[in-house]
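Engineer: Let me give you the structure first, and then I'll get to my questions.
The values are calculated or read from the model by the stated rules, or taken from the named source; none is laboratory data. Being a predicted model, the structure only gives us computed values, none of them experimental. Heads up, the Cβs are rebuilt from the backbone with ideal geometry, glycines too, and the neighbour counts pull from every protein chain shown.
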Amino acid sequence: MLVPREELKELMKRKFMAAGMHDDDADAQAEVLTWSSERGLHSHGEVRVEYYTERISKGGMTVDPQWTWTQTGPCTGILDGDNGCGYPMAIRGMEKAIELAKESGIGVVGVANVSHTGAIGYYTEMAAKAGMIGLSCTQSDPMVIPYGGAEPFYGTNPIALAAPTADERIVSFDMATTVQAWGKILDAKSAGRSIPEGWAVDEDGLPVTDPKLVNALVAIAGPKGYGLMMMVDILSGVLLGVPAGKNVSSMYHDLSEGRRLGHLNVAINPEFFCGDAAFRAHMSEVLDELGAVKPGVGFDKVYYPGERAQMRIKATAEAGGIEVVDDIYDYLVSDDLYRRSWDHKNRFAE
Ligand code: NAI
């Protein structure tokens, strides 16, 4: 059913507050989830609410985190999130990075010991809206083989970059470093469909098309994607002193334990390079040039990263709301904190 944007956000916020979160943190988390849903990224929207409320109920996400901010150098700092909700912490981290970049040209902020930070393009777009280039990366739980391996080691470790232009356009590139998201394998499994070769492997590291045999996902572009995944893990894990690689906590293993994830936010101020106005004007020029590229057969045009998301947001607004599956809407309007349990689930065995 169609749910108006603000109604959906309020319903999610109400659940988080019922679970014990403070008003401002609940609001931040609901805003990022709504931001995802309105651009069609439902895998990082309202479907996650039950998981978070269960994790909070079981003690695996602090609702009153005693987070601390330590500026470690002229352009660097660490925000320790005390295992609080990842969304408001990553927002605070990007706000700090922007502040540092205003002063010194660049701000590099580690957000350590937090829970899931969701669709990370939200944070890079914050920087772009402040006139900066934003860069973010985040650890996620091990479910991807390292190139040549047969068992999961890295997470789907996403990377994102956003940049402003001289007009209202924002380039917003935001991707997982896997060929496909885990949710797509689950969709195929529940629909009884096979998956294309190249998405996932079985227990021997061999490609599988039967979703029931999947034991791990595969990085994009073979060893290159594996290298990108490692880069994310170094920058948002090892660098911040949190568990890394195969020791990153699992989303579903034990919901009573804090996840201790790491997330890195960087803001780069163009004023300290070619100058703000020149950067914006040049970005607009590049996007115009991209848009003028002759489309290949089967394509209507060349889109810049983030352009299609903007089209989805417009379509969502014109349709009068966000399409939410009935089950989830029923849950959101109910008084239940959560209905399904995710605790101690083995995602590959489910
Ligand atoms: P995707 O495959 O939907 O999009 C990847 C990028 O490609 C986007 O920047 C998009 O704008 C661009 N793109 C797509 N089609 C395009 C086209 N026709 N022309 C030009 N650009 C195009 O993204 P993916 O990899 O499925 O990731 C989805 C979300 O999941 C992201 O927001 C990511 O941050 C999030 N995520 C979060 C994780 C976490 O643990 N926090 C883990 C993994 C992913």
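Engineer: Any idea which residue in region 61-84 is farthest from Tyr252 (Cα to Cα), counting only those that are touching a Lys or Arg at 6+ places or on another chain (Cβ under 7 Å) and buried (at least 16 other Cβ atoms within 10 Å of the Cβ)? Don't jump to the end; show me each part of the working.
Structural biologist: As a first pass, look at region 61-84 and keep what is touching a Lys or Arg at 6+ places or on another chain (Cβ under 7 Å): 61, 69, 77, 79, 83.
Filter once more, keeping what is buried (at least 16 other Cβ atoms within 10 Å of the Cβ): 61, 77, 79, 83.
Values: Met61: 13, Gly77: 30, Leu79: 25, Asn83: 16 Å.
Top of the filtered list is Gly77.
Engineer: Which condition breaks for His263 when tested against (1) assigned to a helix (DSSP H, G or I); (2) within 13 Å of the ligand (Cβ to nearest atom)?
Structural biologist: (1)
Engineer: If I go through region 85-109 residue by residue, how many of them are farther than 15 Å from Glu31 by Cβ, crowded, with 24+ Cβ neighbours inside 10 Å and not hydrophobic (A, V, I, L, M, F, W, C)?
Structural biologist: 2
Engineer: Tell me whether region 76-88 contains one or more residues that are assigned to a helix (DSSP H, G or I) and not assigned by TED's automatic domain parsing to the domain that holds Thr138.
Structural biologist: Pass one, region 76-88, residues assigned to a helix (DSSP H, G or I): 86-88.
Now drop any that are not not assigned by TED's automatic domain parsing to the domain that holds Thr138, which leaves none.
No, the conditions are met nowhere in region 76-88.
Engineer: To continue, here is another question. Limited to region 129-145, what total is found for residues that are away from the ligand (no atom under 13 Å from the Cβ) and touching a Gly at 6+ places or on another chain (Cβ under 8 Å)?
Structural biologist: Adding up the residues that qualify gives 1.
Engineer: Of all the residues that make up region 146-181, how many are within 8 Å of the ligand (Cβ to nearest atom), part of a loop (DSSP other than H, G, I, E, B) and in contact (Cβ under 8 Å) with a residue 60 or more places away in the chain?
Structural biologist: Result for region 146-181: 5.
Engineer: Out of the residues in region 121-178 meeting the condition of being modelled with pLDDT of 95 or more and of a type in the set (Asp, Glu), tell me which one is nearest to Pro207 (Cα to Cα).
Structural biologist: Glu151
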